[in-house]
Structure formats: C-alpha cells, structure tokens
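Participant: First the structure, then my questions, so here it is.
Every number here is computed from the coordinates shown, using simple stated rules; none is lab data. Predicted model, so just to flag it, every value in this text is computed and none were measured. Positions of Cβ are generated from backbone atoms using ideal geometry, with glycine treated the same way; all protein chains shown enter the neighbour counts.
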Amino acid sequence: MTEQYRETAARLRDSHSGRELITVIEAAAVLGVQKRTLIEAQLLPIRKVASRYYVSIADLADFLTRPPKSFKIR
C-alpha cells in the first residue's frame, strides 16, 4: 500500500461517516459519473446486497490511486 492510497482511503472513510461500504450512487458521485455508467463499465467490484449495490472504500481508493489505463465503456 502506498501513502497516497492510505490518505485517499482515510479521506473517503471520513467523508462517508467511517463506513467501509458505500452505495454505488455515492461512489459514482465521487467519480463524477452516472450510477449506470459505473455498473456497466465494471471499473470496480460491485457487491449486491438484497436489492442494493455497494462499493468498498478500499476498492474505490485503489481505483483512484492506481495508474490510469484505458478502458472501454460498453
């Protein structure tokens, strides 16, 4: 884990009341994309619990701090 990852994860936890999972809507807002785009692009592991979708803070922090790579949205 890099220092940048730790700082990003801490900021995300602080801004989301210390939770380890946030809704896809909240994750999409952090990334500046629509909920459907985030789900369809499969950029992050998304967990479905009952009828709701969640993203872990750790996965989101990892995505935000890893080097960019090209991807294609279907």
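Participant: Running a GNM on the chain with Cα contacts under 10 Å, which residue among V24, V49, V33 ends up with the highest mean-square fluctuation?
Facilitator: V49
Participant: With the chain treated as a Gaussian network of Cα nodes joined by springs under 10 Å, which of R11, R19, R52 yields the largest mean-square fluctuation?
Facilitator: Its mean-square fluctuation being the largest, the pick is R52.
Participant: Figure the gain on full extension for I25 and E40 (residue separation times 0.36 nm, minus the Cα-Cα span) and round it to one decimal in nm.
Facilitator: Full extension of this stretch gives 4.1 nm more.
Participant: Also, quick follow-up: Under 10 Å from the Cβ of Y53, count the other residues' Cβ atoms, weight Lys and Arg +1, Asp and Glu -1, and hand me the total.
Facilitator: Local net charge: +4.
Participant: Take the Cα pairs of the chain, get the Kirkwood Rh, then feed it into Stokes-Einstein at 37 °C and 0.692 mPa s and tell me D in µm²/s.
Facilitator: So the translational diffusion coefficient is about 259 µm²/s.
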